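FYI, it's all coordinate maths here, none of it is from the lab. A quick note: this is a predicted structure, and the numbers were derived from the prediction, not measured. In this analysis, Cβ positions are derived from the backbone assuming ideal geometry, glycine residues included, and neighbour counts consider all displayed protein chains.
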Amino acid sequence: MARSKLKSRLYLITPPDLDPAAFSRVLDKTLAAGAKSGIVASLQLRLKDADDSKIGAVIEKLMPVAHQYDVAFILNDRPDLAAKYDCDGVHVGQEDTPYAEARALVGADRIVGVTCHDSKDLAFDAAEAGADYVAFGAFFPSTTKTAPKSHAGVELIEAWASFVTVPCVAIGGITPTNCGPLVAGGADFLAVAGAVWNHEGGPEAAIAAFEAAIKAA
C-alpha cells in the first residue's frame, strides 16, 4: 500500500451491487482523486449475494484498477476465492470463515482482517492469533447495511490505539462530518462506503472532504 502522512486512511468498501465495467471507471476516478495524498489504503470487494463466477469477474475487473494506485484489494468473506484470484487479502466476520481457516487458505503473506464488533476480547484474540487488523463498529447508523449488531464508542478506539500495535479499522456510518473523533482517537483506517459512493458531489468530492476532515482532526 502507498504511504501517507495522514493520521487515518480510508478503507473503501464497494457498493452491495455493481456493474463491473461501469464501476471500474468510477473507481479509477475516485482513486485518482486520492492518489497524491495516499488517503485510500485499501478496497474491499463486498458482494454477499453474488455467485463465485460473478465475484471472480468483478475481481479481475477491479483489482488492476486498485493496484494501479497501490491500493490493497481485499475480498470479503471468501478466503478460498481470495487465494484463487491472488487478492491481497481477505476480511472475515465472526460468523464467516474462522481466522485460522482463513489464514491457512490465503497463506502467511496475505492480509487477514477480522470483524470484532465492540469487543476488545474478540480483538485481542484475533490479534494474538495473527490478524493483520481488527475492525470495530458500528460507530454510527449506516445507510448501506441493516441495523448493526453492536454499537461502539470512540473510547474503544482510544484504548486500542494506546496499548496495541495491530492496526484498527473503524466502521459504520462514517462520514467527513463525524469522522473527526475517530481520527483523533487513533483509528488507523476508516471503512467507508455510502459516504463516498453516494456523496452529493460525487466520489471525488467525497475523497477531498475526507482528506480535509482527517487533516483537521
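Things to note:
- Pairs, first in contact (Cβ under 8 Å) with a residue 12 or more places away in the chain and of a type in the set (D, E, K, R) in region 90-115, second assigned to a strand (DSSP E or B) and surrounded by fewer than 24 Cβ atoms within 10 Å (Cβ to Cβ), C-beta under 7 Å, six or more apart: R110/G89
- Within region 4-41, the set of residues being in contact with a helix residue (DSSP H, G or I) (Cβ under 8 Å, 6 or more places away or on another chain), hydroxyl-bearing (S, T, Y) and either without any contact (Cβ under 8 Å) to a residue 40 or more places away in the chain or closer than 18 Å to V58 by Cβ (or both) comprises T14, S24, T30.
- Hits in region 44-61 (condition: touching a strand residue (DSSP E or B) at 6+ places or on another chain (Cβ under 8 Å) and polar (S, T, N, Q)): Q44
- Failed condition for E204, given (1) over 22 Å from S119 (Cβ atoms); (2) without any contact (Cβ under 8 Å) to a residue 60 or more places away in the chain; (3) of a type outside the set (A, V, I, L, M): (2)
To keep it simple, each residue is scored yes or no on (1) at positive phi; (2) surrounded by 20 or more Cβ atoms within 10 Å (Cβ to Cβ); (3) not charged (D, E, K, R).
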| residue | (1), (2), (3) |
| --- | --- |
| I13 | no, yes, yes |
| A21 | no, no, yes |
| D86 | yes, no, no |
| E95 | no, no, no |
| D109 | no, no, no |
| V112 | no, yes, yes |
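- The set of residues from region 80-109 being in contact with a strand residue (DSSP E or B) (Cβ under 7 Å, 6 or more places away or on another chain) and farther than 30 Å from V154 by Cβ comprises L81, A82, C87, V106.
- Flag if V154 is buried (at least 20 other Cβ atoms within 10 Å of the Cβ) and either of a type in the set (S, T, Y) or closer than 22 Å to V40 by Cα (or both): no
- Looking only at region 164-205, and only at residues there that are assigned to a helix (DSSP H, G or I) and in contact with a strand residue (DSSP E or B) (Cβ under 8 Å, 6 or more places away or on another chain), the one that is farthest from G130 (Cα to Cα): V196
- Filter result for I55 (under 30 Å from E158 (Cα atoms) and either surrounded by 15 or more Cβ atoms within 10 Å (Cβ to Cβ) or not β-branched (V, I, T) (or both)): no
- Considering only residues in region 23-32 that are surrounded by fewer than 21 Cβ atoms within 10 Å (Cβ to Cβ) and of a type outside the set (K, R), the one that is farthest from P79 (Cα to Cα) turns out to be A32.
- Put simply, of D121, D86, D52 the only residue that is in contact with a Leu (Cβ under 7 Å, 6 or more places away or on another chain) and acidic (D, E) is D52.
- Complete set of residues in region 180-201 that are free of Cβ contacts under 8 Å to residues at least 40 places away in the same chain and acidic (D, E): E200
- Among the residues of region 101-136, the one identified as under 22 Å from P181 (Cβ atoms) and touching a Pro at 6+ places or on another chain (Cβ under 7 Å) is Y133.
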